[in-house]
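As structure tokens, the structure follows; a few thoughts come after it.
The values are calculated or read from the model by the stated rules, or taken from the named source; none is laboratory data. Remember, predicted model here, so these are calculated numbers, not experimental data. When we count neighbours, we look across all protein chains shown, and the Cβ atoms used for this are built from the backbone with ideal geometry, even at glycine. Side chains are part of the model used for accessible areas, which takes the heavy atoms of the whole protein and leaves out ligands, DNA and RNA. Shrake-Rupley method; radii C 1.70, N 1.55, O 1.52, S 1.80 Å.
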Amino acid sequence: MGYVRSATVADAVSIAPHLREADRQEVQAFLGVSPEVALPMSIGKNQGDAWAMIGDAGELVGLFGVDPVALYPDFGLVWLVATDDLKKYQRQFLREGHEWLDHLHNLYPLLGNYSDSRNKLHHRWLKWMGFSFLHEEKQFGSERRPFIQFARLQN
């Protein structure tokens, strides 16, 4: 993977139609809107921090970020979406992921969110990154699907 930089609304518009199918389904099930609507709104609201993963050829591979939780200033909601091209950079992504997680923990000592129970690739990555699965909500999000709550406390 070439590098990581701050994400823009243009990045969100550009990547949304090309997301992995599991990521598309998760966004839709959680928020009730397509990634084409959700991602630009998420990046554009300027409440959280978001980054773009850029491949060796300059292609946009994924977006990730952390959003604040108003009532809990030490808690950040982490999120990540990617295209199938992320597979090309799997080793680098796994290796550098811990550095970025440390950076996010500098912003928020507690990180977490919910993940669609169907998104098994996310679950493997979350375990690799040291997140704990807290419990499964049987009816969560706009589609009332099973979602798994996960969290990680800064060491």
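Values for this structure:
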{"quantity": "Residue within the range 121-129 that is in a loop (DSSP other than H, G, I, E, B), within 23 Å of residue 73 (Cβ to Cβ), open to solvent by less than 20 Å² (accessible area, probe 1.4 Å) and touching a residue at least 12 places away in the same chain (Cβ under 8 Å) present", "calculated": "yes"}
{"quantity": "Residue satisfying condition, being touching a Gly at 6+ places or on another chain (Cβ under 7 Å), open to solvent by 20 Å² or more (accessible area, probe 1.4 Å), of a type outside the set (D, E, K, R) and not in a loop (DSSP other than H, G, I, E, B), within set 100, 79", "calculated": "79"}
{"quantity": "Residue match in the range 138-154 (condition: surrounded by fewer than 20 Cβ atoms within 10 Å (Cβ to Cβ), of a type in the set (Phe, Trp, Tyr) and in contact with a helix residue (DSSP H, G or I) (Cβ under 8 Å, 6 or more places away or on another chain))", "calculated": "yes"}
{"quantity": "Qualifying residues in the range 103-118 (those that are assigned to a helix (DSSP H, G or I) and more than 15 Å from the chain's Cα centre (by Cα)) - the one surrounded by the most Cβ atoms within 10 Å (Cβ to Cβ)", "calculated": "107"}
{"quantity": "Members of the range 28-73 that are β-branched (Val, Ile, Thr) and more than 30 Å from residue 91 (Cα to Cα)", "calculated": "33, 37, 69"}
{"quantity": "Residue count, the range 2-27 (criterion: surrounded by fewer than 20 Cβ atoms within 10 Å (Cβ to Cβ) and in contact with a strand residue (DSSP E or B) (Cβ under 9 Å, 6 or more places away or on another chain))", "calculated": "12"}
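Yes/no matrix, rows are residues, columns are (1) without any contact (Cβ under 8 Å) to a residue 12 or more places away in the chain; (2) buried (at least 20 other Cβ atoms within 10 Å of the Cβ); (3) over 17 Å from residue 112 (Cα atoms):
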{"site": "43", "(1), (2), (3)": "no, yes, yes"}
{"site": "52", "(1), (2), (3)": "no, yes, yes"}
{"site": "60", "(1), (2), (3)": "no, no, yes"}
{"site": "68", "(1), (2), (3)": "no, no, no"}
{"site": "71", "(1), (2), (3)": "yes, no, no"}
